[in-house]
Each structure stands twice: as C-alpha cells, then as structure tokens.
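Notes follow once the structure below has been shown.
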Amino acid sequence: MLPRPARTGAEVRSLAPLIVIFAAVGATSIPARAQPVPAPRPAPRVTPPQLVAPPDRSVPTAVEAQERGRNVLFELEIDDAGHVTAARVVTPSGSELERVLTARALGLKMEPARRDGVPIAARIRFLFQLDWPTEGDATSAPKTDSAANEDDAPRAASADASAPRTPPETVATNAKSGQAPAGSSGGDEELVYEAEASVEAPTREVTRHSLRGEALTKMPGTRGDALRAVEVLPGVSRPAAGDGAPILRGASSFESLVLLDGSTIPLLYHFQSLTSTFSSRLLQSVDMYPSNFSVRYGRVHGGVVAARSRSPRRDRLHALADVSLLDSSVLVEAPIGDHTGVALAARRSNIDFYFEKVAPSDSFSVVAAPLYWDYQALVEHELSSRHTLRLKAYGSRDQLELFFAEPVAGDPSLRGDIAGMMEFHHVQGELKSRLGPRVEQDLSLTLGRNVLSQRIGPEIDARLETVTLAGRGEWKLQARSDLSLTAGVDVEASFFDGTYRGSRPPQLEGDPSIGETQTTTARVDLEAAFRHVSPAFYAELGWLPATWVRVVPGVRLDYFELFDSWTVDPRLAVRMEVTKTTTLKSGVGLFTQAPLYYQGISEIGNPELEPERALHASVGVEQRFGHWLEMGAEGFAKRITQRIVATTDGNAPFFVNDGIGRVHGIELSAKARPDSDTFAYLAYTLSRSERRDHADPWRLFDYDQTHNLVAALGRDLGAGWEAGARFRWVTGNPRTPVVGSAFDASTGVYRPLYGAINSERNPTFYQLDLSVEKTWALPGFQLTAYLDLQNATNAANPEGVTYSYDYSDSETTRGLPLFPNIGLRGEL
Amino acid sequence: MRRFSSICVLLTLLATTGCGDELHPSQVIEKNRVLGARTEVLGAPQRAWPAPGEAASVRFLVVDPGERAPLGYALAACVRDASLGGVPACDGPILGEQRVDVPELGAPIVDFVVPSASDLGNRRSLLVFGVVCARGAPSTPGGLVAAWPDRAGCTGADALPTRVLANVTVSTDGSSNQNPSLSDDLFQQGGSAWTSTPDPWALPPKCSATAGTPAVPIVSAGTGALDLSLSLLGDDRESTPEGREALSIASFSTAGEVDRPFSVVESDDASNPPVVGWTFELPKSAPAEGRLVRLHFVMRDGRGGTDFATRTLCVVP
C-alpha cells in the first residue's frame, strides 16, 4: 500500500464556508431572541406517576399467618407509557403475599411521570396497602405493624438507568388519596408520596427520535421487533424487499450504523429481514438519529440507530416463553444477591419444521432447511454507588443449504449446492463510573468473532472469518452549570481471513446488473488475510449561552489504516427552546464514510481510495400540544462527495472516488398519547435522493422514495385485549428498465441492455398491518395469544419486474403477500 | 462485515424458483433464435482458444421454428472491455468484421486475427458482437462499434433482430481448450438410438411420408412424455488447473417442450459414460401428414468450447 498524504484539511476548508453560513443562519434564525438575554426559565416541572385505576386491595386467600396485616413496599419502574415494567419488594421475605402483590403491582394502571408535560420514565416507591380486616373482626389475624416496618426501609431511590449521565430530578409531593400512587382507594388518610424520577439527558443532537416502552415490542406490523419499529419514524424509508436494514434520509443501509450499546451488530436481522438477532424484550430503548448525529458516532455518513439493552430485572425471578410460526424463544431474569441481576434469552426458528412442506420440492432437495438461532446473556452488577459493571454475551447463527440437481431455469450457474451460513459471537463489558461530582466515565470493550460462508453452485464460494475488537472510552466533565465537555476515543479493529471465488464485487448502489446471473460475469479467486484498524478521537462541548439555548460544537478525528487516511469532521448542533412547548433546532456538520474493507483489496478494489465525505445540514421545529401530542417538522439536506463508484471501463483500480450525491427533504411527524392505553405515530417524509457517477447525469438513488407516509396506532382495549394497526403509503422504488438484450452465445444466457439507471419506478406501495393480542392473567402467570397480520389486504405491491429469458416479455414481481404470524406467550 | 446479502439471494431464489416459467419457456423455439456460437482456430477447428497472431472464426447457430429464414448480419471482433454486468463493449480496434446486407441462408460467421501478445498486454478476452437479422438487413448507424449495442438493429418489414455476442479466450500462456464434440456421443429417444440427418433443414415439414428411420423416428402426439437421453461416450471434460471441466447442455425444441433448458454434467460426475436425461412433453396434436419437430442441443464446456447437434422427430396424430 502506497503511503499518501492526508487530504482532509483541504476538504474541510472547501466546506468551511458552508458551515459558517449555516451556523450564522442558525444563530440568527430567532430574531425575537436576539434581544438582551431573557430571564432564566423556571426549572422544569416534574409530576409523579398517577394511579388511573385503584389497585386490587382484596386480601389474598392464602396468606401465611405471619403475613396478615402486612402492607408491602415496592420499588416500581414505570415507563413513559405508564406501564409498570418492574416491581421489586424493598425488603423481601419471599412470601406468597409478596408474590401475589408483585403480580398485582405489575398490572397497575398509571399515568406516567411527566416533565413539563412530557411523559418520562420513573422509578418510585409504592406502598401496596390491602383491605385487612379491622381489629375485632372474627377472621382477622393479630395485626402487625408491617407497614411501619416497611417504612423503615431506606427511602433513597436510584436513578433510572436509561439516563445515567443526567442527575436525577427529584420530586416530592403530598397528595390526597386518589391523586398520588398510594395504595389507598378511599378514605381520608393523607399519604406521603416520595419518588425520584430521572429524565433523559437533554437532546444534544439536532434530531433524536426515541422509541421506548410498548412502542418497542407492540408496534403493529413489526412482529414485536424493536428495530423494525423505527420504520414508523420520519426520515426512515421503507427497506428493500428482503433487506430490513434501515434506509435513513436517502442513505444506503450500509451508509448507516446500527449499534447495540455502542457496538456494531454484525447481522441485524436473521436472514437479512426476518427478525432481529437480539431479543427486543431485552432492549430498553432505540434512538434514531437520521443525520447530523453526534461526534460520538462515525465511519458512516448516513444515520445512526442506537439500541440500548436494559438492565436485568432484580425484583424476583421472571420467565417468559414465546412460540410462534416463525420461532420460539425463552427469557429468564433473576437477581443474584442485592446488587446483581442476570438475564438469559435464547431463540430458535421453527421454519425448518415445516419448510419442506411449503417449499417447491420438485425444484430442489433440502439439505439443511432455513434455521436461525440467537442467544443473549446479560449480567449487571453494582460495584458501588459510583460504579456499575455490565457484561453481555450475544450471538447468532443463520444457515440454509439446498441442492439443485439441475440448473434453475434461465440461469445455468444456479445449480448444485446453494448454501449460506452466518454466525457471530460477541462479548461486551461496560463500566459506568461517576468519578466525581462532575466527572463521569464510560468504558466499553467488545470482542467478536464473525464467520460467513456461502456457496452458490460452482460460481461463488466464499468463506470469511473476522475477529473484531471494538473499544470506547468516554469522559464527561460538567465544568460549569452551563458548560460540559465530552471527550472520547473509539477504536475498531478487524482481522480478516478468508477465501473468495466469484464475480468481482460491483458498485454497491446504482448498478442494475447486481443480481444478474453469475454465468455472465468474470470470476476472481482470492485468498487474503489482513487487518483494518480504525481509531477515532472526539470531543464535544455542551454550552448553554442562555437557559433556552444549547449549542453543541464537536469535532471527530478518524484514521482508516487500510486506506492510510485521516479525516476531521467538525459538527455543530443548536437547540433553542423558544417557548415552554416550542423548540427550534438546526445543525450542520461533516461526516465520513469509510470504504468497505474489500474495496481496498488490490485484486478487486483500490487501496488508494479515500473515504466518502458528506455535509449534513438541517433545521426544524418541535412543538408540544398539551401533555399528549408532540409534533415536529424538519428540513434537511446532504451533499456527498468522493463517492466510491466503479470505474467506467470495469478495469483496475475497479473503484474510484468519482461520484457525488445530494439529498434533501422535509419531514413531518406527530406522536400522540391521548391516554395511558393508547399510542399513535404519524410520519410523512417528502424527499429526493440523487447520485451522480463520474460525469453521468444525475440519477435517483436506488431507494429514493418521494413520499413516505406511515401511521401506527396501538391501544389497550381492556379486559386483556390489545390491538394495533400500521398503514404505510410509499412511493415505489426506482428501477432501471431493460430496453433490449443481447444473446451471450458463450453462456447461453441473454444479457440485459439497460435504459437510464433508475429512470422508472415501481407502483406505489401501500400496506396495512394489523395486530391483536389477548392476555389472561392467571395466579402468578400470564398467558398471551397474539396474531400479527402483515399486509392484511394482501396488496400486490410490486417490487420489480421479472423478465422472460430474452427480456422481450415481463411481468411484475409481487411483494410480500398476506402473512399471519400466530403465537402464544407465557410470562411468569 | 455489516452486510450479509448473500443469504438473501438464497431466499430470493427460493421465492422465485418455479415462478419464472409463467413467461415464455426458453427451451421452446417460437421464433428465429440464436442458440450458440462456436469458435474455431483456422486450421485447427477443435481448438477454441486461439493464440496471439492466429486467425480464428466464430460461427453462430441460428434456428427457426419452421422453415429456415434468410439472415442478414453484421458481426465484428475486438478486445473486450472489463465491464461486469450488462452488455460488454470493445476496448480496442476492430480485429475482423463481416457484414451481410442481403439476407441469405447459412450460418452467420466472422473471421478475425488475434492481436499480438504485446498488443494484448494482460488482456485475454476478445469480444465478438453484432446483430443477426432474420428476413432483414443489419442497421448500424455510424458503424457497428458506434451503434453497439443500443442502436444495432435491423431493417425490413418482417425483420427480427437478435443482438449477439460471444467471448473468445486467447491462449497467452500455451494453455489450450478444445471444443467438445457431440458427434461421438449417443442420443436416444424412447430407448432407441437417435441419429442425425445430414441436413435437418432439408426435411419436409409434413414428415409422415419420409419418416420412420432412426434419424426421423415417428411418435404420436398427445401421448404424454418421451424419454430422451444423451450418453457422453467420448467424454470431453478436459482437465484444467482448477479441476475438470463441467459440461452444460442446453436443449430446445420447435414443438412440445423439453423439461428444462439447461443440464450439466458436473466435473465430479464419475459415471461412465455420463448420461443426461430429459423428459420431452410431446405436442398435443399434429396434422395427419405429420409434423417435423427439431430438437437442438448446445454443449458448452464453460471455458468457450462449444458444439451443436440437432435431432428430429416426426409427430403424427
């Protein structure tokens, strides 16, 4: 590899004027605020969770004598939808009474805590009082002062783990019964409610869309998949058929990051689109940054989806089993001692049990039916009040093997063994520490092993083994009340070892020949072992020049060893809370997309490639209406330079930085929670994403979707019934027409003659998904039956065109037909 | 390794297998078709790989469902570019060109001379390309190279154009590749030997009066399937540094339907001799005078070697 001078400085300089202009626009976009500094805004008003229905205070039938008269103090975790997600007895005795009341506590109906009217997650103490018979009652047992005993328990509550970097905001209230979440439904006793509710860290990015609570696992049309739920958010395009990876603001899926606790997931979905390889039930949140993300993230110039696993529940043993048409899964959580929680989960597909019955068996024989499995193990241990250690192991495997005794019609290369396998195992350690009153530290290290093998007849045979090491250290200093500094180092190292025989990889986007028969393409044979180390350093300021303005400038420095290239990405985000309910926001920054590793292998790529660069800019407004409706509007633009494209003649160096791109659009969104039983999302994106290769005319991006409208609604209907619906209406994806063909006499296969790239579109896509589930609450056990109906109207939704052997005739290729997934879930 | 798209290919394959047959099956000859091309070194017709400086020719097999159509064509040879998908083009000057503007009977052919090794550099592939016009003349505005491929077409009211191309591998290191041969292999229909005729195009389409020989066996329409087979008595699988060749056999019929368009004798097929079998769905009906059905077979060794064979059946009611 030839050494090259870094050219980052020149790139930054060339874009600097735009940054300055945008920053100036952002700073002057609120003329009304260009006045003397206004008076400080009052502190955010935080209200505690409220009971919306009285609890069942009846005395359980089977109560040990020593438990009679006892009321139980719980620590409850309540999500921003008002659901009790965890109930832990503060001073547990392991009694049957505690078990019964824990089940009741988990079923409590709450209005969530709110910060300035916005629902937030909270952790509270809750005294569950029962209607014990009064003194003298013939059936009463000797009364104990258990409530008083419970009250002796420590009152300190810990902060919500969802926002460990933010000092909790404490609320304390005295309230009459019926207003506070005490266990009394009547009477005139005055109850004291005390709680700590932690709030999320203030949004530092221009745009962060977050999914929490039931939105993660109850979004209709996602089969309960938390990562798929991001598809209801603005700026997220409908993913390609057979590929669920998110397409954010006109960026290819490989131009965006999907992270789990800060580490890249090697395989997002089983079989690329079926279901996430990490259990959604172990996720606490999914944050989506469609562009203009923080300097904490890099190596891509699209967007970021950051999933965060939750802490294992430590109140008692929890168990869950789920069986559906697609797969079966189990989840067990339990405390180990006072400071440690453990969660174990595993899943296995069920497809192989019936695959041979539904597959067209006259075409091939099944050597190994589609099979996937995954596992997760989480351990969280509070080392001290200042240090928390999390260890996590997770992995997954997909495999499929078929045997075609005869070539598939029209493609003599598709024959024999058609097999694929992808497996990964990752272990991750995270240490979160509060080093002092003003200093926090996050350390994480992830070690992984990924194995990919595939064989498609005689034409493609590949095996790649990768050992990955990812480490991150981040330190945050709250220098003053209005100034914080975050600095970090983010290192990724990959060690590749593999063999490959197949066609030379094409340009990743904008090449209609992807998917052509392998018979017509030249083959290469490779055997390679190499490494790629990519360290990055970043720093970010959080500055509040006024109480209503947050300015977040940052800079990220990246090095890409394989391409011997340094890049510097300056970024700036500004958020202005112009009123209590209105926030204006804007941002601009540079982003870098590292070339894919194989693009640097000289036999098939170009070691001299530079990283792609992109300039992001966006401006928008967030508006809250009352306590139940949030709306947003945002305009965005991106300019991509140094895009990696294939050489025009197909000769070495095969890839060059001779492409550019542009993306712009408007997003409108609404999120409503009219009551604790209902959630609704509405998102509309109007956008245009274009690319230009070499000096060719501008063309549409492969997944450009002019209009993208998504609406989702979920409601708890009561009596254990829940239902939801999702509707999508999306402009059809562009496609390249075939305007003719040429017969390749050497192979016996016709080669298509393409028209202008992406000059036509598939018909408009529309799809209605429905979901319904019924839960039966049994003593100590909960059973749920569910049905998730994708494409309930069985809309054809053509995804492309299938051609006759000589391309003289064609028919549309329909998308996913009506697909019901039925299952049963039991929870202990 | 963020991407794992290949497994998706497998699933797509599963989803599409068996569905593509809704469109016209490629193994049925419903119009004038080009089925293959054979490269021959001048003076050594069994050699498919010419060496630098050698003269060679590429001859195309063109068939019709009925009577043979006269053909006009424009063909040329050049050094091929390195494009991955779509239709390849030239990366150098024309090495040989043949043009027939007045349609005639006969196979389209182009002769050329392979450049010297120094002119080739590290390139090993030549491209033969052009347009074949059934009942028409080639139309190549600005010349074939300029018109290729978009504007390469035909003129003539009934003209049917087919753009064609073939890859010719140049032997630059002394390696060689022989064309496979179907002439020493055994075709059978219904368990009986099935020989070739000197000129299958010379047979009358109303065949019942002249049929009944091993070259033109008589079969009855609408009687279901007929077993066909090819025994590779002269096994043509050459050994190469990557292993033994695999042979693919494409099969076509002018009526009825062979059960699949492609068959393969894999490199590791140890049977002796290797046998390829087909099920031929007979035409549902035939005229009283009989109907001549031609079955065309194209064998490829996957490295540029090719041979053709034609067999005939007389289908009677």
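Adding -39500 (n - 2.57) for every DSSP H run of four residues or longer, then dividing by how many residues the protein assembly as shown holds, sets the calculated 222 nm ellipticity at -1500 deg cm²/dmol.
Converting the Cα gyration tensor eigenvalues of region B:190-317 into ellipsoid dimensions via √(5λ) gives semi-axes, longest first, of 31, 14, 12 Å.
A Förster radius of 30 Å combined with the Cβ-Cβ distance from A:Thr499 to A:Tyr559 puts the calculated FRET efficiency at roughly 0.60. Quick one: which residues, 5 or more positions from A:Thr91 or on another chain, have an amide H under 5 Å from its amide H? H modelled 1.01 Å from N in the peptide plane, none for Pro or chain starts. HN-HN under 5 Å from A:Thr91: A:Leu73. Given a Förster distance of 22 angstrom, what is the FRET efficiency for A:Leu686 paired with A:Met631, based on the Cβ-Cβ distance and rounded to 0.05? Here the calculated transfer efficiency is 0.90.
Rounded to whole Å, the principal axis extents of the Cα atoms in region A:398-525 read 71, 31, 22, largest first. Taking every pair of alpha-carbon atoms in region A:211-274, give the share separated by more than 18 Å as a whole percent. Taking all Cα-Cα pairs of region A:211-274, the fraction more than 18 Å apart is 34 percent.
If a/c stays under 1.5 just call it rounded; otherwise compare a/b with b/c (prolate if a/b is bigger, oblate if not). Do that for region A:201-311, with a ≥ b ≥ c from the square roots of the Cα gyration tensor eigenvalues. Verdict is rounded for region A:201-311.
For region A:718-801, applying the loop criterion from DSSP together with a ceiling of 16 other beta carbons within 10 Å to the GluC sites (Glu not before Pro) yields no site. With neighbour counts taken as other beta-carbon atoms within 10 Å, the residues B:Lys284, B:Lys31 rank, fewest first, as B:Lys284, B:Lys31. Model label sites at B:Ala146 and A:Leu391, defined 7 Å from Cα along the beta-carbon direction, differ in position by 7.5 nm. From the square roots a ≥ b ≥ c of the eigenvalues of the alpha-carbon gyration tensor of region B:82-213, which class results: rounded (a/c under 1.5), prolate (a/b over b/c), or oblate? Taking the square roots of the gyration eigenvalues as a ≥ b ≥ c, region B:82-213 is oblate. Between B:Ala107 and B:Val275, the modelled label-to-label distance comes to 2.9 nm, taking each label 7 Å out from Cα in the direction of the beta carbon.
Using the structure shown, select from B:Lys31/B:Lys206; A:Lys218/A:Lys392; A:Lys357/A:Lys392; A:Lys109/A:Lys671; B:Lys31/B:Lys284 the pairs with a Cα to Cα distance greater than 28 angstrom.
Flagged as over cut-off: A:Lys357/A:Lys392.
Each of A:Thr277, A:Thr547 was scored by other Cβ atoms within 10 Å of its Cβ. Listed from fewest to most, they are A:Thr547, A:Thr277. Looking at the calculated P(r) for chain B, what percent of the C-alpha pair distances fall above 23 Å? Cα-Cα pairs in chain B separated by more than 23 Å: 63 percent.
A crude spin-label estimate for the pair A:Leu317 and A:Arg761, with each label 7 Å from Cα along the Cβ direction, gives 5.7 nm.
Within a 10 angstrom radius of the beta carbon, how do B:Trp194, A:Trp543 rank from fewest other beta carbons to most?
Going from least to most buried by this count: A:Trp543, B:Trp194.
Distance between the C-alpha centres of region B:244-280 and region A:302-319: 56 Å, rounded to the whole angstrom. Counting every C-alpha pair in region A:640-680, the share spaced more than 14 angstrom apart comes to 67%. The alpha-carbon atoms of region A:253-321, seen along their principal axes, cover 43, 28, 16 angstrom, with the largest extent given first. Per residue, the Cα convex hull of the protein assembly as shown amounts to 187 Å³.
Hey, with R₀ at 35 Å, roughly what FRET efficiency would A:Ser810 and A:Lys774 work out to, going by the Cβ-Cβ distance, to 0.05? Before the final figure, lay out each step's value.
Details: r = 45 Å, r/R0 = 1.29.
With a Förster radius of 35 Å, E is 0.20.
Please give the Cα centre distance for region B:137-155 versus region B:42-82, rounded to the nearest Å. A separation of 18 Å, based on Cα centres.
All of the numbers you see were taken from the coordinates with simple rules; none came from a lab. Owing to the predicted nature of the structure, the values given are computational and were not obtained by experimental measurement. Backbone-built Cβ (ideal geometry, glycine too); neighbour counts: all protein chains shown.
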